[in-house]
Amino acid sequence: WGPEGHRIVAHIAEMRLEPAVRNTLERDFNIKHLTSIANWADRIKKEPGAADVLHYTNIAEGERAYVQRRDCPRRNCVTEKIFEYRDRVSDPARAHARRVEALKFLVHLVADVHQPMHLGNARDRGGNEITVRVGRHRTNLHALWDSGLIDLDGQSLLHYARALHAGLTPEQVQDWQRGDAVAWTNESRALVLTYGYDLLQDERGRLAVRYLERGRQVVATQLLKAGVRLAHLLNRTLQ
Ligand code: ADE
Ligand code: ZN
Ligand code: ZN
């Protein structure tokens with residue numbers, strides 16, 4: 001996601017944190033709001049060492065289900081890093097600064113694994129190499145899904161996050177809180193194959209309204225899911 005997507009997910013997660021976990025975040029991690037750390041992992045990407053944390057997982061072309069030994073042999077993909085940082089955040093044997101860093105990665109990567117293009121194909125770098133036309137604009141498929149399909153409709157990020165969260169049902173919460181980072185990976189993979197790469201276009205080569213509408217719907221649901229799951233993960237990990 002772009003900065004806005006990460007902030008929306010952080011806002012939603014924050015609405016669902018248990019009071020004890022809020023306290024832990026403030027007291028032990030010196031973090032008052034998740035939005036303040038949500039984009040840190042993208043800002044430090046160019047620093048030495050950061051290169052070994054991928055914000056995506058490339059599942060083998062033609063395959064739907066993630067297999068660690070095949071798709072992430074170095075365990076540096078978003079899927080495996082979520083497990084690694086989840087364990088590190090609550091590991092008392094780790095230095096404090098390393099646990100803070102793990103939390104900052106975790107908040108970011110749980111969001112990124114919900115962006116369907118982050119489960120795209122290696123050959124087009126998750127849509128980065130695919131140029132698309134949206135109305136009169138040209139962009140690439142990855143950027144479109146990172147930010148172009150987020151439909152704020154003039155609202156602030158907080159208002160948009162509140163509106164998404166207000167539509168959440170108890171059934172969705174129950175359903176979405178099952179499963180781990182591998183399940184989230186496979187879900188995003190299915191979405192990118194069904195809605196991402198199926199480039200419906202009009203006669204002039206512009207993306208069809210139907211494609212964009214479906215994409216906006218998928219993006220809204222993925223942002224909400226990511227927020228619900230991030231909160232649940234933090235509520236279990238930071239008691
Ligand atoms: N961003 C950069 N490279 C990528 C890839 N191969 N897949 C998904 N997202 C990416
Ligand atoms: Zn992206
Ligand atoms: Zn990222």
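Brief remarks follow.
- Within region 92-128, considering residues that are of a type in the set (Val, Ile, Thr) and buried (at least 21 other Cβ atoms within 10 Å of the Cβ), the one farthest from ligand 1 (Cβ to nearest atom): Val107
- Qualifying residue in region 1-12 (condition: surrounded by 14 or more Cβ atoms within 10 Å (Cβ to Cβ), away from ligand 3 (no atom under 16 Å from the Cβ) and within 26 Å of Leu158 (Cα to Cα)): yes
- Checking Glu18 against (1) under 26 Å from Val218 (Cα atoms); (2) in contact (Cβ under 8 Å) with a residue 60 or more places away in the chain, the condition it does not meet: (1)
- The residue of region 41-82 that is farthest from ligand 2 (Cβ to nearest atom), among those that are of a type outside the set (Gly, Ala, Ser) and over 21 Å from Val182 (Cα atoms), is Pro48.
- Remark: pairs (first residue in region 111-126, over 15 Å from Lys81 (Cβ atoms); second residue at pLDDT 95 or above and of a type in the set (S, T, N, Q); Cβ separation under 8 Å; 6+ apart in sequence or on different chains) = Pro116/Ser188; Pro116/Gln222; Gly120/Asn58; Asn121/Asn58; Ala122/Asn58; Gly126/Asn58.
- Filter pass, His142 being farther than 21 Å from Glu61 by Cα and without any contact (Cβ under 8 Å) to a residue 60 or more places away in the chain: no
- Residue that is surrounded by fewer than 20 Cβ atoms within 10 Å (Cβ to Cβ) and near ligand 2 (Cβ under 10 Å from one of its atoms), where the choices are Ser156, Ser147: Ser147
- Checked against the criterion of being in a helix (DSSP H, G or I), away from ligand 1 (no atom under 15 Å from the Cβ) and under 16 Å from the mean Cα position of the chain (by Cα), region 158-175 contains one or more residues that satisfy it.
The values are calculated or read from the model by the stated rules, or taken from the named source; none is laboratory data. This structure is a prediction, so every number in the text was calculated from the model and none was measured. Note that each Cβ is placed from the backbone with ideal geometry, even for glycine, and that neighbours are counted across all protein chains shown.
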